[in-house]
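Below you'll find the structure, written out as structure tokens, and then a few comments.
The values are calculated or read from the model by the stated rules, or taken from the named source; none is laboratory data. In this text the structure is predicted, and so the values were computed from the model without any measurement. Using ideal geometry, Cβ is built from the backbone for each residue, glycine included, and neighbour counts are taken over all protein chains shown. Calculation scope for accessible area: heavy atoms of the full protein, side chains included, ligands and nucleic acids excluded. Shrake-Rupley method; radii C 1.70, N 1.55, O 1.52, S 1.80 Å.
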Amino acid sequence: MRDQTVEQVIYWRFNVLHRVVHLVVMFAFIGVGLTGFSMAFSSVGLAQTFVWLLGGIDSVRYFHRFCAVILYLCVVTEILWGLYYRFVLRGNLLGPNSICFRIRDLRFFREHMGYLLGQSEGPPRFERFTWWEKLDYWTLFLGMHSMALTGVFLWFPEFFSRFFPGYFVNIAQVLHFDEAILAVLYKFFIHTAVRHLRPEVYPGDWVIFTGKVTKETMMRAHPGEWALLNAHQQGSATRDQ
Ligand code: HEM
């Protein structure tokens, strides 16, 4: 959507729902990370200080579950949004504006690697979401399901032991802990570096907070989307004549 009320032409990339969900996910994720690792490394001084600040281990366990529920509600919100996008807005989940992967992303990936290795003049003509943005989204979205599954085993061990052998709870704990390490490493290093430390956006890419991009950014970072948007606008102008 185009907004010309300010001097510079800007485009709305993220609506208010996605911006709020991202903000909530960010804080809830930091919450589960801090509380989870304080429980896992409770003999370490730093963890003990954090536990003390939160009012003891019971509060930490409570906060972990609280943040986990908030995090999972964000996942549910995204599922509901996907349904709304598909069935009410009649959006195409496999179209160029969708966050879903499509075969074309494999070509974008190959061309992008070629560009980074100096084999081509410029990056591919990315559409609305690049392959790494989709990867970012889906690692968290899918990862949250497995974290929630192992998490509820740890939350209600007696209940699940009625249906599964007791060692399933031990397996859940190992998987929960290992995936937590992976998730935190991915989000804090890869996500942060790829999103904010690229030369084009350094020292930070604030689009998920402001929701807006400039025309220049659209043309540089999402030329495929820009071309589609123009083709669409020209199509409507021709029809209006
Ligand atoms: C999404 C739903 C999640 C649920 C339902 C959940 C639930 C739980 C529960 C019930 C525990 C056991 C706490 C206790 O001992 O009292 C736990 C431990 C833990 N959680 Fe989560 N959690 C979730 C997500 C996460 C995420 C996203 C992370 C990390 C980013 C994480 C990191 C941890 C860690 C590190 C532990 C300690 C594991 C250990 O002691 O070996 N959790 N979680």
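Tell me which residues, restricted to the stretch 22-78, are hydrophobic (A, V, I, L, M, F, W, C), within 24 Å of GLU133 (Cα to Cα) and open to solvent by 60 Å² or more (accessible area, probe 1.4 Å). Answer for the stretch 22-78, where residues must be hydrophobic (A, V, I, L, M, F, W, C), within 24 Å of GLU133 (Cα to Cα) and open to solvent by 60 Å² or more (accessible area, probe 1.4 Å): LEU23, MET26, PHE27, ILE30, LEU73. Any chance the stretch 86-97 includes a residue that's assigned to a helix (DSSP H, G or I), exposed (fewer than 12 other Cβ atoms within 10 Å of the Cβ), more than 20 Å from the chain's Cα centre (by Cα) and without any contact (Cβ under 8 Å) to a residue 12 or more places away in the chain? Yes, the conditions are met somewhere in the stretch 86-97. Inside the stretch 102-143, can you point out the residues that are open to solvent by less than 50 Å² (accessible area, probe 1.4 Å) and within 16 Å of the ligand (Cβ to nearest atom)? Scanning the stretch 102-143 gives ASP136, LEU140, PHE141, GLY143. Any residue in the stretch 185-192 that is touching a helix residue (DSSP H, G or I) at 6+ places or on another chain (Cβ under 9 Å), closer than 20 Å to VAL69 by Cβ and near the ligand (Cβ under 9 Å from one of its atoms)? Yes, the stretch 185-192 has at least one match.
When PHE153, PHE189 are checked against the criterion of being among the aromatic types (Phe, Trp, Tyr) and either open to solvent by 80 Å² or more (accessible area, probe 1.4 Å) or assigned to a loop (DSSP other than H, G, I, E, B) (or both), PHE189 stands alone in meeting it. Exactly one residue out of PHE126, PHE141 is touching a residue at least 60 places away in the same chain (Cβ under 8 Å), under 30 Å from GLY224 (Cα atoms) and not in a helix (DSSP H, G or I), and it is PHE126.
For the stretch 56-85, the candidate set comprises residues that are free of Cβ contacts under 8 Å to residues at least 12 places away in the same chain and within 14 Å of the ligand (Cβ to nearest atom); within that set, the residue that is farthest from GLY143 (Cα to Cα) is GLY56.
Conditions (1) modelled with pLDDT under 90; (2) within 15 Å of the ligand (Cβ to nearest atom); (3) in a helix (DSSP H, G or I), marked per residue:
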site	(1), (2), (3)
HIS145	no, yes, yes
ASN170	no, yes, yes
VAL194	yes, no, yes
PRO199	yes, no, no
ASN230	yes, no, yes
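Sub-7 Å Cβ pairs linking a first residue in the stretch 212-229 that is more than 21 Å from LEU17 (Cβ to Cβ) to a second residue that is among the basic types (Lys, Arg) and open to solvent by 80 Å² or more (accessible area, probe 1.4 Å), at least 6 apart or interchain, are PRO223/ARG125; GLY224/ARG125, ordered by first then second residue.
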